[in-house]
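So the structure is just underneath, and the comments pick up after that.
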Amino acid sequence: MLFPFSARKANQTADFLGSRCGFNFVNCRRNAELLSQGYEPPKAIRTGTSIVGIIYQDGVILGADTRATEGPIVSDKNCSKIHHLQDHIYCCGAGTAADTEMMTLMTSAELDLHQLNTGRQVPVVCASMLLRRTLFRYQGHIGAALVMGGVDSSGPQIYCIYPCGSNDKIPYAAMGSGTLAAMSVLEHGWQPHLDQEQGKQLVREAISAGVFNDLGSGSNIDLCVITKKGAVYLRTDTIASEKGERLGKYGIKPNSTMVTSISVLSLQVTDERTYAVDDPQPGTSGVQGDSPPTGVEAEQEDKEELAEGSQSKSP
């Protein structure tokens, strides 16, 4: 049983921990109340990514593009989508950039604590389990679609983890808006006994297919090669979409543009209307009231006053 002071202290501690955690959903009730009052929710912004992971004969190769988008806007041309979990485990993220970043940071910290507690190398399936538990706890509200790969005592492994918490353990995987184009390349060219150079080239081709067939993917290609000896992160391994060079010189001097044609449009008047507005007299505020008497009216009033005064003096 908790005393009132202890309960109050526990609530304060819970509030403090809630403000420090990676995800906070305290505004859910507020948003539901606003929806019930008729307010329209903000529209979701489409994101674009192409991420790929394959298993080759000596390990795992992960690949990703470097374009970050906010709907039709390219917000970052050279962002990093391959995140470090452990020295032998890396993860590619697709979806909301903040969600993928926080998910990988939190999971990396938990894996570090697990390694310190056990004193041994963390298995790849343990990292997959931690990611799946967190995603399932939030029932798909975390927009993080992940392709995780690593090499441990069980060999090379690739996990495709979805935002709802489900996963697939497959030899090759692709996620993001460029999935269809990348998966078509993987299904055509993947073999179980690929060497490292063949695997890297296959990943490059898969990401390039996603880049050239999806507007949300683009810029460069990052690779990460993971073996039993460790991981090698190849930042900007290939430039997928290079900027074109200007072929001609367009030096036009100011005020020297040549007029090629002049066109005059004739307008036909179909209806004409005139509105007149009476202006108020000078010295007034425009409010209708008693107008001052004119000269004739003032003379007539003076005569009437004199007549009344003469009648009042007579006996």
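The values are calculated or read from the model by the stated rules, or taken from the named source; none is laboratory data. Not measured: the values here are computed from a predicted model. When we count neighbours, we look across all protein chains shown, and the Cβ atoms used for this are built from the backbone with ideal geometry, even at glycine. SASA here: full protein model, heavy atoms, side chains in, ligands and nucleic acids out. Shrake-Rupley method; radii C 1.70, N 1.55, O 1.52, S 1.80 Å.
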Exercise. Please name all residue pairs, on different chains or six or more residues apart, with Cβ atoms under 8 Å, provided the first residue is in the range 94-118 and is under 30 Å from Gly216 (Cβ atoms) and the second residue is open to solvent by 70 Å² or more (accessible area, probe 1.4 Å) and not β-branched (Val, Ile, Thr).
Key: Thr104/His84; Ser108/His84
Quiz item: Given the conditions (1) within 22 Å of Thr96 (Cα to Cα); (2) touching a strand residue (DSSP E or B) at 6+ places or on another chain (Cβ under 8 Å), which single one is not true for Leu180?
Solution: (2)
Practice problem: Identify, by number, the condition in (1) of a type in the set (Ser, Thr, Tyr); (2) open to solvent by less than 50 Å² (accessible area, probe 1.4 Å); (3) modelled with pLDDT of 95 or more that Thr179 doesn't meet. | Solution: (3)
Exercise. Please indicate, with yes or no, whether at least one residue in the range 31-47 is in contact (Cβ under 8 Å) with a residue 60 or more places away in the chain, open to solvent by less than 10 Å² (accessible area, probe 1.4 Å) and within 22 Å of the chain's Cα centre (by Cα).
Key: no
Quiz item: Thr238 passes all but one of (1) at pLDDT below 90; (2) out of contact with any strand residue (DSSP E or B) (no Cβ under 8 Å at 6 or more places or on another chain); which number fails?
Solution: (2)
Quiz item: Residues of the range 124-168 being out of contact with any strand residue (DSSP E or B) (no Cβ under 7 Å at 6 or more places or on another chain) and in contact (Cβ under 8 Å) with a residue 40 or more places away in the chain, which ones?
Solution: Tyr138, His141, Ile142, Asp152
Quiz item: Counting only residues that are free of Cβ contacts under 8 Å to residues at least 40 places away in the same chain and within 29 Å of the chain's Cα centre (by Cα), which one in the range 193-208 is most open to solvent (accessible area, probe 1.4 Å)?
Solution: Glu205
Quiz item: Looking at (1) part of a loop (DSSP other than H, G, I, E, B); (2) modelled with pLDDT of 80 or more; (3) surrounded by 10 or more Cβ atoms within 10 Å (Cβ to Cβ), can you tell me which one Val264 breaks?
Solution: (3)
Quiz item: Would you say Leu113 is open to solvent by less than 20 Å² (accessible area, probe 1.4 Å), at pLDDT 95 or above and part of a helix (DSSP H, G or I)?
Solution: no
Exercise. Tell me which residues, restricted to the range 62-75, are touching a Lys or Arg at 6+ places or on another chain (Cβ under 7 Å) and either over 15 Å from Ser208 (Cβ atoms) or surrounded by fewer than 21 Cβ atoms within 10 Å (Cβ to Cβ) (or both).
Key: Gly71, Val74
Exercise. Kindly indicate the residue of the range 50-61 that is in contact with a strand residue (DSSP E or B) (Cβ under 7 Å, 6 or more places away or on another chain) and more than 17 Å from Thr236 (Cβ to Cβ) and also surrounded by the fewest Cβ atoms within 10 Å (Cβ to Cβ) among those meeting that condition.
Key: Asp58
